[in-house]
1. For the stretch 481-508, which positions are closer than 19 Å to Ala849 by Cα and charged (D, E, K, R)?
2. Write out, first by first residue and then by second, each pair whose Cβ atoms fall under 7 Å of each other, whose residues are 6+ apart or on separate chains, and whose first residue, in the stretch 54-71, is modelled with pLDDT of 90 or more while the second is surrounded by 13 or more Cβ atoms within 10 Å (Cβ to Cβ) and in a helix (DSSP H, G or I).
3. Given the conditions (1) open to solvent by less than 60 Å² (accessible area, probe 1.4 Å); (2) at pLDDT 90 or above; (3) among the charged types (D, E, K, R), report the number of the one that Lys257 does not fulfil.
4. Looking at the structure I just gave you, is Pro525 surrounded by fewer than 20 Cβ atoms within 10 Å (Cβ to Cβ), within 23 Å of the chain's Cα centre (by Cα) and either modelled with pLDDT of 85 or more or under 30 Å from Leu407 (Cβ atoms) (or both)?
5. Whether any residue in the stretch 211-232 is among the small types (Gly, Ala, Ser), open to solvent by less than 30 Å² (accessible area, probe 1.4 Å) and at pLDDT below 95 is what I want to check.
6. Could we say that Thr244 is exposed (fewer than 14 other Cβ atoms within 10 Å of the Cβ) and closer than 30 Å to Arg70 by Cα here?
7. Is one or more of the residues making up the stretch 648-671 closer than 23 Å to Val551 by Cα, out of contact with any His (no Cβ under 9 Å at 6 or more places or on another chain) and at pLDDT 90 or above?
8. List, please: which pairs have Cβ atoms under 8 Å, are six or more places apart or on different chains, and start with a residue in the stretch 86-106 that is at negative phi and end with one that is open to solvent by 40 Å² or more (accessible area, probe 1.4 Å)?
Amino acid sequence: MRAARSGTKDGLEKTKIAVMRRVSFLHKKDHSDDTEDDTGYLDVMVSEAKHPPAQLGPMPDGLSSQQIVRRHILSSIVQSERSYLDSLKRILQEYQRPLMEAEPRILSVRKIRPIFFRLREITQCHSMFQIALASRVAEWDSCEKIGDLFVASFSKSMVLDVYSDYVNNFTNAMALIKKACLSKPAFLEFLKRKQASSVDRITLYGLMVKPIQRFPQFILLLQDMLKNTPTGHVDRLPLQLALTELETLAEKLNEQKRVADQITETQQLARCVSDRSLSKLLNSEQSSLILCETLIETVYGERGQVLKSKERKVFLFGDVLICANINVKGPPDISSLVPVGPKYTLKWSAPLQQVQVVEVGQEASQSKDTLYQLGSVKRPGSSFGQGSIILGPPRLYHELQELQHDLSVVEQVTLLVGTLQGTYQNLNTTVAQDWCLALQRLIRIKEDQIQNANKCRLRLQVPGRPDKSGRPVSFTVVFNTPSPVSKISWANRFHLAKIALRDENTPGWFFAEDDGKTKAPFWCPLLACRMPVFTSKAPEWKLEAALHNPVQCALLGFSAASTSLPQGYLWVASGADSTQGQVDIFSLNRPTPRPVKSLQMGAQVRCLEYVPEPSPSEDAETSLHSSAEVGNTICVGLDDGSILVYGSMDSAAQCLVTLHNPEGCPVLCLKHCNNVLFAGLRDGKLMVYERHHRGGLWNQDTSRKVTIGSHPIRTLLALENSVWASCANTVTVVNGSSLSTQRFEVHQDPMVSVAHMVRAGGGVWMAFSEGSSIRLFHTETLEHLQEINISTPSSFYNPSQKSMRVTSLLICQGLLWVGTAQGIIITLPVPKLEGIPKITGKGMMSFNAHCGPVDFLVALSSTLSPDLLKRDSVIEGHDSGCGVEDRSDSSSQESLQQHSVSTQVDGKGKGRGVLLQYRLRSTSGLPGRPLTARGDEASDSSLESLEHSMEDGSIYELSDDPDMWVRGRPCEREGVRRDRVTSVAVISGGKGFRRLREGSVTATMESTLMIWQLPLTV
């Protein structure tokens, strides 16, 4: 064993013999209080003299730019690993060893070992990795391959075990350090002395947090390496596999860290709860902490002034909301060395179902219960309604109503001025119209301020104790969030937490390895709603396909964005026979889809494809015409061989052009790639349509035909520069520009055909017409990488279930969705990054199923407008015009007609509106304070220059129906926001609805949509 530790060849042979004899490498200590379990780990000391660190040699001549970049990235990997290993050794040598050898003892061994638990094993893992890295770096110029080294080093279960132990123990280690600092002055002095003597002044906490950050650093470096590795390179596939392994490892460690932190927060909160029922709930395994954050509670006076504000810790559990006071943290000396968790004092708690998120202007629309704000002051003689309290931002809503009233009065004055018989320089129709236009501009500013006030303020209506008469009493709590993203996250989590309490989500999914343990909140998708596809009077047709038509709309409010489905429209295709077809369009700007239009077809609809408008990079010559005349389009493939091209719903969904193939062969699938439309036909031919050079639409005259095979082309898949076409048991890769083909076999049975293909990262999952297996292929080498039998997850719940057939596939948010002929939906976890989408865990099966086959699975995704995430909220106690843009427009009109002015703004609120374009006239000759289009903060400066500048209006909603949106002009922003919030949902379509858990089946077999909503991702 001594020879094995010294790293000699003889020691290596003895090590092998010891392994064969199952001899443990546990390095025993004589301390009786040694509680650390090192079973299975070899304490090997690596000599730097025999194994020097990796060193990249001089750069040879003749390297390409990509090779040079790859060398620089490799150098970063080497330096990063060396620094990380030095930090690990520094913990062991400068902290653990002195504490173990100190005389007299500063801390007992029983306390020292849990603090540095598993650090020695992590150091050994990376010492071995550094040896292998040095060997690979030495031969870099000849092989240029490093991905396989990461796979071999970090795919071992030992790495996950030691890191999992370390992550799970990290919170406990920090608590032990904090407790020791408070009880052992010598230990506190030891930490101060070590930090002061270090060159970088880094604390023990700063060193010990590095293992938690290590794998995200590796992932970033390998992503950069992959970006600079060309297709066909020997290191391409190994790098993708390495990314998959590291992402899987990082996800597991992050989840364990999240669960450990939540348990610690919950236990800390439970200690301050005196209520037995609430304490029992917090200490039970069923308690699930969804979100907790430090927010600032603000109390306003009746005129909007801030009376007081204080930090609160708010906890959102699965069924209860808790607000706690934050007590004073630990001494400054300790806080600078290790994070010191605060202690809490319970302020109030409320059942989640009774808590409402209240936005500005919605206070009056809430329930008629008594409503007040905590700590607010109410004075007699207030100008507001009796019994109402005007909070800070709601004061803006009141001022908006006053401005709308004033506009109504000024419009009447404008009409009266028009009846004057005389001619006056400063009192005429033009001046009166300027008053109206300036008021309208002020109204728009106030509306922006109200929306901005919603961005960082979370208003909750919380139930209180009933009053003396027994009536329910509610109070309003206003929290300031750190950012708009935080506010929208809270609103979204509130919304989803209530959905999670519904019967169809308790439980919603069955896990193959479910052992009764509580799963993480929102770890699986939530069934938000289900609805019939057709009305009761419409005939029941078979569902064929669906797609998401994304439409960005700035009119969607900030609060609605956190609770509604992704913006846009859902197109659902159906048909009865070869002579009848229909496309139903649903609006998605509400929590539940709503039908808005139905398109009748002369033949059965086979497929749908969404085609975004051409970008300048795709076709510089036609981009101007395409953007202006075509925009986004939806292509509909019919059974009679025609392809109908419709405009997007934001341009009235009119048929723009109809394409035909010469034989009239049914169009089974459509796919768009690199500004080219591909159509798969039943006779095995692939039609290729290009755009007109001027019109932007597809040109049938220049269409080309590619023969794929003699069997139907059932599905198409678009990649960056190619399209995959399935024909029988083969897939043909068609080059997007040259139309050259490459065929490869994906199934050994010639009678089995490829039915579905989905792509993620560097892999493509395929499902077949027969059987329950799905297969993974590499996008570049076409290599078969993995095969999964999807009937396995359901067999745990229903062992008598026969083999399943896959009817639909979808990859969304790290989940591979599989729809089956039995109506059952199964999800399997896959990586989200650029690696290989291998199945990395156990699958789960939804208890909510269709009665017939799952006809389609479609993902809805939209990114919230940057305006919604712009932090320009109203300053406390002061109105600001932030976020309002002054833009000029050369097409602005000199004046507006009286009848147009009188109908631009409704006195009741923001209703019908038009695009305002105008020039403000001078009002310098009028007495009193001049009307301007600027905010209050600019009023004083406006006295210096009374001539108004040219200003442009804003887009208002033209339709009273919120399901019908208008398309606004794109506006330029000064910079790109880093904050990116994405809303995601998944919709399945099929016959009927049933709950597998109860075994019940709906009375009718109507075609049904099931909508699963996922949390917002930042």
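The values are calculated or read from the model by the stated rules, or taken from the named source; none is laboratory data. What you see is a predicted model, and the numbers here were worked out from it, not measured in a lab. Neighbour counts run over all protein chains shown; Cβ positions are idealised from the backbone, glycine included. Note: areas computed on protein heavy atoms with side chains; ligands, DNA, RNA excluded. Shrake-Rupley method; radii C 1.70, N 1.55, O 1.52, S 1.80 Å.
1. Taking the stretch 481-508 as the starting set, the residues that turn out to be closer than 19 Å to Ala849 by Cα are 499-508.
Those that are closer than 19 Å to Ala849 by Cα and charged (D, E, K, R): Arg502, Asp503, Glu504.
2. Arg70/Met225
3. (2)
4. Working: surrounded by fewer than 20 Cβ atoms within 10 Å (Cβ to Cβ): no; within 23 Å of the chain's Cα centre (by Cα): yes; either modelled with pLDDT of 85 or more or under 30 Å from Leu407 (Cβ atoms) (or both): yes.
No; evaluated as a whole, the condition is false for this residue.
5. No, that holds for no residue.
6. Values: exposed (fewer than 14 other Cβ atoms within 10 Å of the Cβ): no; closer than 30 Å to Arg70 by Cα: yes.
Criteria not met by Thr244.
7. Pass one, the stretch 648-671, residues closer than 23 Å to Val551 by Cα: 648-657, 670-671.
From what is left, the residues that are out of contact with any His (no Cβ under 9 Å at 6 or more places or on another chain) are 648-657, 670-671.
Going one step further and asking which of them are at pLDDT 90 or above, we end up with 670-671.
For the stretch 648-671, residues closer than 23 Å to Val551 by Cα, out of contact with any His (no Cβ under 9 Å at 6 or more places or on another chain) and at pLDDT 90 or above: present.
8. Taking only residues 6 or more apart or on different chains, the pairs are Ser87/Lys210; Leu88/Lys210; Leu92/Arg120; Glu94/Lys194; Tyr95/Lys194; Ile106/Lys184; Ile106/Ala186.
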